[in-house]
1. Count charges around F365 for me, please; just the other residues with Cβ under 9 Å from its Cβ, Lys/Arg as +1, Asp/Glu as -1.
2. Quick one: Karplus J couplings for the range 237-251, per residue in order, coefficients 6.51, -1.76, 1.60, θ = phi - 60°, nearest Hz, x for Gly and Pro?
3. Show which aspartates and glutamates lie in cross-link reach of K117 when reach means a straight Cα distance below 19 angstrom and same-chain residues fewer than eight apart are skipped.
4. What is the dipole size for the range 173-263, taken about its Cα centre, with +1 at each Lys and Arg Cβ and -1 at each Asp and Glu Cβ, in debye to the nearest 20?
5. Using Cα-Cα distances under 8 Å and only pairs 6 or more residues apart, what relative contact order does the range 30-115 have, in percent?
6. Going by Cα centres, the range 2-21 and the range 218-280 are how many Å apart?
7. Which helices, counted as full DSSP H runs in the chain, have an axial Cα extent of no less than 20 Å and a Kyte-Doolittle average of 0.0 or above?
8. Just need the relative contact order of the chain here, percent rounded to a whole number, with Cα pairs under 8 Å and 6+ apart.
Amino acid sequence: MARFSDEFLSELRMRCDIEQVISPYVNLKRRGKNLVGLCPFHNEKTPSFTVYPDSQSFYCFGCGAGGEAIGFIRRAENLDFTEAVRYLCYKSGMVMPSEGYDDSLSQKRKRMYEINKEAARFFNSCLFSEKGKDGLEYFKSRGYKKGTITRFGLGYAPNEWRALLTYMRGLGYSYEELYEANLANRSNKDGKISYYDSFRNRVMVPIIDVRGNVVAFGGRVLDDSKPKYINTSDTLVYKKSLGVFGLNFAKNSTEKTLILVEGYMDAISLHEAGFTNAIACLGTALTSEMAHLLSRYADEIILSYDADEAGQKATERAIGILGSIGMKLRVVHLSGGKDPDEILKKYGPERFRSLIDGAANDIEFELLKARDGLDLGTSDGKMKYLEKAAQILSKTRSEITRDIYSSRLSEELQVSKEAITARIKQISQRSAKKEKDDFFRKLPQQSISDNTKTALANSTNLKTVRAEEQLVATLFKNPDYYRHIENMVSAEDFSVPLYKRIFSLLTEKIKEHRSLELTFFSEELSPSEMDTLVKISKDGVNSGTNLKFCEDCIAAMKSEKEKQKAKPDLSQISDEDFLSLFRKK
């Protein structure tokens, strides 16, 4: 039974144009009647993310993500269905129905926010108690004033096994709730489960999202023992690949840039020094999802990762990810210190400001690295550097940028500009051809989601899978066919669980004369299941499809079902055989 009425979902669909919903997240360009852009859900250089205004849907031919407006917001904002509907209602000015829908997951999420908020209060109170004097001394040693400690809600986890648990249990929260929030761990000894605090004897940093909710925590030891940092794992309210520390403050900065550093301690130090646009990734390297999130709040990213080898590798990776979505960026060269915090302590904010002002853009940074270890006074060194430089410049699509740096290289190395630009063009064309070939070669595999492949592994055989897929696709396109075949087939005739589920929903809506727009399936299907439904709707069906074709599909399904008593393990078949499931007959 649907929690929201079709009338409500229909009005929401009309008010939330798919292009308007997606455009803040993806730079869309029109291609015929559709729009294309770089997918926000995986890292890519060739646009494979397509928006279909006519069906108010989207589909990525690179990673297989598909759906409609609600499904997009679920993925982009890490929300459940009800919260995504609430989000779109707020954006479109609609009123959420007060009754008639199940908001149990939303209530569970709300309670986890409350748990995190209370835990943050506990840690903060401990910091200013006798138990937390060592933690307070640590923060003071880093130069943090009380105002900064209060603003960021910093705290201390006592060196006790159950300090937080005792406090939270007193507020009425259960062990299981604290475990799910990753604030408690548990052990099972001799069949007896016991719980204990996840964070002990660590200074605590609450992670706050852009809406002001405490979603996670980071804990650092007071010495150099290992592990130095412990961070909250993924929970109902926190996704590590989307975690950006300090964005709740930095988004309100008067600056149009964001300073991206490696750790939250560096970010706090920069805020203390007046750089209120500083942020940090959490427990993971920069991801494509983070990059798209940051692009909504800044015109430019200034990378200031640590000067060590790991920091430089992270810088190169971040340049690739930010560049792939068209973000303007610069890279700070940390001379005189290993990280921003050390620069601030040694030389003060003015020095760091000068480093930012002199920060090289991404191309200049890569060209400087390309020089390392080469003697440009020799012909061999000069040739190797020019080859590396041509490789770097071939990655930019800006002809102006290529022209500027080709001129500089020509003047500096006394090599003809024409020769440099010719080499850049040659590499660029070769790279574009390889990228295109790779894209189309990988397309069949990428368009099949892992969930779909797992579901297909339980099917009877290849012929049955193909028949079931084509029958569902045909009915989706031609719902009027169902009255002719209603007595020939039922959901029980399907061997693929996912196709069986889609068929059941589809025929239920047909019998009730309800709309078959994708929006009306998104409440009952998960995002990964919607991927498959959208793929089916976009792939279409065999040419000349008619009622006879439907009958043939049904006959094939029933025939194979009778023949095959034991189910072969499709997970062991070759990739070629598996991909044949999706090829036209």
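Every read-out reported here was derived from the displayed coordinates using simple, explicitly stated rules and does not represent laboratory data. The shown structure was predicted, so the numbers you read here are calculated from the model rather than taken from an experiment. Don't worry about glycine lacking a Cβ; one is built from the backbone with ideal geometry, like all the others, and counts go over all protein chains shown.
1. So the environment of F365 carries a net charge of -2.
2. Residue by residue, the range 237-251 yields 10, 9, 10, 4, 5, 10, x, 10, 7, x, 5, 4, 8, 4, 5 Hz.
3. E176, E177, E180, D197, D209, D234
4. Dipole of the range 173-263, to the nearest 20 debye: 100 debye.
5. Once normalised by length, the contact order is 15 percent.
6. What the calculation gives is 36 Å, centre to centre.
7. The qualifying helices are 462-477.
8. On the way: 826 pairs, mean separation 72.1, N = 585.
Relative contact order of the chain: 12 percent.
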